[in-house]
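Some notes on the structure that comes next.
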Amino acid sequence: MYYRTSGYRLFEAINYALLTVVSLSCLLPFVHILAVSFSGSAAANANLVGLVPIDFNWEAYRKTIGNPNFINALVVGVERTLLGTAVSMTVMTLAAYALSKDAHGFSSRVAYAWFFVFTMLFNGGIVPMYMLIRGIGLMNSIWALVLPVAVNVFNMVLLMNFFRTVPRELEEAALIDGSGHFRTLATIYLPVSLPAVATITLFTMVFHWNSWFDGLLYISDYRKYPLSTFLQTIIVQQDFNKVDLDVNELKNISQRTVKAAQIFIGTLPILLVYPFLQKYFVKGIVLGAVKE
């Protein structure tokens, strides 16, 4: 029978306490924003709202959903996230598959690997990238938000390492059956590495959804702003021209409650996607193998 010592129980209790504090530090600001979004303008402006709404009302959400600028930014944000994730995962998967080969399968593997690592450590900077985007005519285009960040070398290396754990016998069996590289990748490597693919997909989606700085650099028309850039201009730069409030609405809503509602709505897509990908995080890496 297994017995836990008093020292182990103390260590476990400290771990639970620390994890609880960390969890609350992430959860409480989210609950506070939610409470502010449902509160009246007087309580919100006076900083009286804690974790429970005061003068509960839905007006901030009604105003947010009825704001065409916010809805347009939400649509652009979704488009940027879906397109950017699709492009990034396609490019990184193909590169990771090629770099996962040994010297016999890909003789230039080391040279290309060092090329990717070099770009991860050194880059040209913001000004050369801006000049490049402007020079090839991508300004005010969604492709300016997708192509420059199409390859995340760190995520690609993670995926490459997962591909290298795939048993060689599986690939050899597919090659004997006449399978080419694309079919082998689609039918062998991707299913076996599904947990890694799901994890990196989530990382990529969160990155695109939260990115706002490139929108300020490459997009001059606020109607083409993704949601994160739109929220940044309102919350940080205090540009409220995109959120019009009528005098009769000031009793129930304010700029602060509207901002809180927009922030909460902006977090919902990632919260809704995460449960569908979470199941792959604990799934086995190798689904099957061929015994020698």
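Every read-out reported here was derived from the displayed coordinates using simple, explicitly stated rules and does not represent laboratory data. Owing to the predicted nature of the structure, the values given are computational and were not obtained by experimental measurement. Neighbour counts are summed over all protein chains in view; Cβ atoms, including those assigned to glycine, are modelled from backbone coordinates with ideal geometry.
Only helical runs count toward this figure. For the chain, summing -39,500 (n - 2.57) over DSSP H runs of n ≥ 4 and dividing by all residues gives -20000 deg cm²/dmol at 222 nm. Computed over the stretch 79-211, the P(r) curve from all C-alpha pair distances, binned at 5 Å from the origin, holds 2, 10, 17, 19, 19, 14, 9, 6, 3, 1, 0 percent per bin. Cα gyration tensor of the stretch 6-46, axes a ≥ b ≥ c as square roots of the eigenvalues: rounded (a/c below 1.5), prolate (a/b > b/c) or oblate? Prolate is the answer for the stretch 6-46, as a/c is 1.5 or above and a/b outweighs b/c. Computed from point charges on the beta carbon alone (+1 for Lys and Arg, -1 for Asp and Glu), the dipole magnitude for the stretch 57-216 about its Cα centre is near 320 Debye. Summarised as an ellipsoid, the chain has semi-axes of 43, 29, 17 Å, derived from the eigenvalues of the Cα gyration tensor scaled by 5 and square-rooted, with the largest first. Counting 0.36 nm for each residue step from LEU83 to PHE56 and taking away their Cα separation leaves a gain of 5.9 nm. Figure legend: label point modelled 7 angstrom from the Cα of ARG223 along Cα→Cβ; residues of the stretch 40-72 with amide N under 11 Å from it are 69.
GNM on the chain, alpha-carbon springs under 10 angstrom: the most fluctuating residue among THR81, THR165, THR229 is THR165. When you restrict to C-alpha pairs under 8 Å that are six or more residues apart and normalise by the size of the stretch 63-289, the relative contact order lands at 33 percent.
Using the Cβ of THR187 as centre and a radius below 15 Å, the other residues enclosed give a net charge of -3, where K and R count +1 and D and E count -1. Per-peptide packing, taken as the mean over residues of other Cβ atoms within 10 Å, places 39-52, 18-31 in the sequence 39-52, 18-31 from highest down. Springs between alpha-carbon pairs under 10 angstrom, Gaussian network model over the chain: which of ALA173, ALA113, ALA17 fluctuates most? Its mean-square fluctuation being the largest, the pick is ALA17. Rounded to the nearest 20 debye, the dipole size of the chain about its Cα centre is 200 debye, using +1 on the Cβ of Lys and Arg and -1 on the Cβ of Asp and Glu.
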